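The structure under discussion appears below in the form of structure tokens.
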Amino acid sequence: MNGTTSQDLDYLGARLHGRRSRLAEGPRLASLCLLKTVPALGHAIAMEGPAPPRATPLPDTEFQSAPSFQRWLVHSLSSELSGFIPCLNKSEARLLGWIALHDDLANLKVGIRAILARATSGIPDELLRELPAHGDMKAAFVAAPSLDSLARLLPEDPLGRMLKTALQTCPDRTEPFFIEASLDHDYFRQGLDLASALPGPDRENITDMIAQEADIFHLMLAMRGRFNYGLKPEMLSPLHVRGTRLSHSQFTAMLAAPAPSDLPSLETQAWARYHTLANRTFRQSATDFGTVVGYCGLRRMEAANLTTLSEGIRAGLTEEALRRRMIPSLLQEAPHV
């Protein structure tokens, strides 16, 4: 790492501690659960959050809908993460690029579903323009008549390559489940490989964060694959990601276990642990890059909570119901106005 980059990272690490204090979590998130409209939520976040994450200009619609607010959240987070890259060395920048890939991968899944559905029910291209994606991704979604053509139209590295690999391993291309699962498997394998290549004492904490998210993928794979799609364990077992806290034998045993009584609660608990690990990485970081990765995890959790909150407000849920849906749960937090 050169001296300038090291100094920039030191400065960034110090700044992120200030930004953390203004994230929508804890008492501040509880106070947002008191709001009654999505525009009020949007303006509260845009005007009171830390800079530069909220520096993205307000949309013309002024957050009149939950989808517009959610698109703004994605753009805001993506803009912030991209601003960190000049402060990082090569191995750090690669890992941060992997974190930032998460939202592009989510958009790719939406595009896959749209193309498959369009082939049978004629989904209009206009729906794709609502995606918070880069322009080249939007154009590929609209132009592609098939998944193979989409793979050719996407940038080769990494999304085009990832989709081509997924399609090679999924002979049935009428159902997106295995295609999406293959993409996720590839994504988490990349993340763990990048984390293992990091030097320094924060490697273990960062690896723990990525491994936890990969194990949430394992949990959702079992829940959706077995109990929603009725797939046999031997069909799901090859999708295990090596290097997580869940061994292949443990994953296989989980696939064969009976359905738990409260599946949503398990997912919530798993994400709460991810939040704990991100907070630990942020606060106990021995290097400023650990602070950056921990902060990215906390910001992603903030965006997920605000997305859930906007949907709950739109649905007219009570304050108690909204606070229960936050991760971690805010039922024990006193609202602060």
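Observations on the model:
- Members of the stretch 275-299 found to be closer than 16 Å to residue 192 by Cα and of a type in the set (A, V, I, L, M), listed by number: 277, 278, 293
- Looking across the stretch 151-177 at every residue that is among the hydrophobic types (A, V, I, L, M, F, W, C) and more than 19 Å from the chain's Cα centre (by Cα), the one that is nearest to residue 229 (Cα to Cα) is identified as 170.
- Of all positions in the stretch 293-304, at least one carries a residue that is on the phi < 0 side of the Ramachandran plot and free of Cβ contacts under 8 Å to residues at least 40 places away in the same chain.
- Screening residue 72 on (1) buried (at least 17 other Cβ atoms within 10 Å of the Cβ); (2) under 30 Å from residue 188 (Cα atoms); (3) at pLDDT 90 or above; (4) of a type in the set (A, V, I, L, M, F, W, C) shows it passes everything except condition (3).
- Within the stretch 251-275, considering residues that are part of a helix (DSSP H, G or I), among the small types (Gly, Ala, Ser) and in contact (Cβ under 8 Å) with a residue 12 or more places away in the chain, the one farthest from residue 296 (Cα to Cα): 256
- Residues in the stretch 157-196 that are under 21 Å from residue 100 (Cβ atoms), surrounded by fewer than 13 Cβ atoms within 10 Å (Cβ to Cβ) and modelled with pLDDT of 90 or more: 196 only.
- Out of 204, 213, 180, sole residue that is farther than 14 Å from residue 244 by Cα and either over 16 Å from the mean Cα position of the chain (by Cα) or among the acidic types (Asp, Glu) (or both): 180
- The stretch 1-37: number of residues that are at pLDDT 95 or above, over 22 Å from residue 276 (Cβ atoms), assigned to a helix (DSSP H, G or I) and not small (Gly, Ala, Ser): 0
- Residue match in the stretch 314-333 (condition: on the phi > 0 side of the Ramachandran plot, loosely packed, with under 15 Cβ neighbours inside 10 Å and not basic (Lys, Arg)): yes
- Residue tally, condition under 28 Å from residue 237 (Cα atoms) and either touching a residue at least 40 places away in the same chain (Cβ under 8 Å) or β-branched (Val, Ile, Thr) (or both), over the stretch 139-161: 2
- Residue pairs meeting the criteria (Cβ under 7 Å; at least 6 apart or on separate chains; first on the phi > 0 side of the Ramachandran plot, in the stretch 231-250; second at pLDDT 95 or above and of a type in the set (Gly, Ala, Ser)): 243/211
- Residues that are buried (at least 21 other Cβ atoms within 10 Å of the Cβ) and either out of contact with any helix residue (DSSP H, G or I) (no Cβ under 7 Å at 6 or more places or on another chain) or over 16 Å from residue 284 (Cβ atoms) (or both), drawn from the stretch 199-210: 210
The values are calculated or read from the model by the stated rules, or taken from the named source; none is laboratory data. Note that the structure is a prediction, hence the values are computed from the model and not measured. Because the Cβ atoms are built from the backbone with ideal geometry, glycine has one as well, and the counts that use them run over all protein chains shown.
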